[in-house]
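Below is one structure; the comments refer to it alone.
The values are calculated or read from the model by the stated rules, or taken from the named source; none is laboratory data. Since the structure is predicted, the reported quantities are computational estimates derived from the model, not experimental observations. Here the Cβ is made from the backbone with ideal geometry for all residues, glycine too, and neighbour counts use every protein chain on show.
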Amino acid sequence: MAQLFTQASNTLARLAVPVLVLAVVAVLTAMVLAQRTDWKTDAHLTRPQPVPFSHRHHAGELGIDCRFCHPGVASGAAAGLPPAAICMKCHSEVWTDAAALEPVRASWREGSPLRWSRLYDLPDFVYFDHSIHVRKGVGCSSCHGQIEEMALTWKAVPLHMGWCLHCHEHPPASDRAATEIASARLLDCSVCHR
């Protein structure tokens, strides 16, 4: 009976197994790393908004405090997106006829909310409370970047679990609550996953 495989087939089989294992490891590694790219997390990307709002102008040049437009940041879990009434506190006096602000004026007249495109949106299984972080002295720029320098706002950080854990384990020196954030209680899974 003739031999089914040649002698070279044994060598080829010995080489194929490690190459196949390396290929599987490479594909799995690429899949994990792809989850952390800006393309997947939307970090550093702007989104179309109903109004071309400039944090650089409002927070940077005019020095308006974040809490003026986002009043919920100090008292609740969500910072909240500003209603048109907040915008109209100033824009009923300045830039009253600006075409770019027509969606704000229409929202205010009709009593309907502006439909902002969310930049920071955590999964439903993650609990995050802005007020706790603000009370502990964590600055807005820790998570939102140098917002006062952004003409159009983008998501400054990826907000994946590793990013959050890194901050809790190694808080920025500028945050006064560095020792509290690093406590073992805040590294407990049930703090964020409820």
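Pick from 21, 32, 51: which is touching a helix residue (DSSP H, G or I) at 6+ places or on another chain (Cβ under 6 Å) and among the aliphatic types (A, V, I, L, M)?
Among 21, 32, 51, only 51 is touching a helix residue (DSSP H, G or I) at 6+ places or on another chain (Cβ under 6 Å) and among the aliphatic types (A, V, I, L, M).
Among the residues in segment 89-111, are any modelled with pLDDT of 90 or more, in a loop (DSSP other than H, G, I, E, B), hydroxyl-bearing (Ser, Thr, Tyr) and in contact with a Phe, Trp or Tyr (Cβ under 9 Å, 6 or more places away or on another chain)?
Yes; the residues of segment 89-111 include at least one that is modelled with pLDDT of 90 or more, in a loop (DSSP other than H, G, I, E, B), hydroxyl-bearing (Ser, Thr, Tyr) and in contact with a Phe, Trp or Tyr (Cβ under 9 Å, 6 or more places away or on another chain).
Take residue 119 and tell me if it is in a helix (DSSP H, G or I) and either in contact with a Ser or Thr (Cβ under 9 Å, 6 or more places away or on another chain) or surrounded by 12 or more Cβ atoms within 10 Å (Cβ to Cβ) (or both).
For residue 119, the condition - in a helix (DSSP H, G or I) and either in contact with a Ser or Thr (Cβ under 9 Å, 6 or more places away or on another chain) or surrounded by 12 or more Cβ atoms within 10 Å (Cβ to Cβ) (or both) - is not met.
Quick one: residue 177 ticks every box in (1) exposed (fewer than 15 other Cβ atoms within 10 Å of the Cβ); (2) in contact with a helix residue (DSSP H, G or I) (Cβ under 9 Å, 6 or more places away or on another chain); (3) small (Gly, Ala, Ser); (4) at pLDDT below 90 except a single one, so which number is it?
Going through the list (1) exposed (fewer than 15 other Cβ atoms within 10 Å of the Cβ); (2) in contact with a helix residue (DSSP H, G or I) (Cβ under 9 Å, 6 or more places away or on another chain); (3) small (Gly, Ala, Ser); (4) at pLDDT below 90, residue 177 breaks only (1).
Within segment 18-66, count every residue that is among the acidic types (Asp, Glu), in a helix (DSSP H, G or I) and within 20 Å of residue 119 (Cα to Cα).
1
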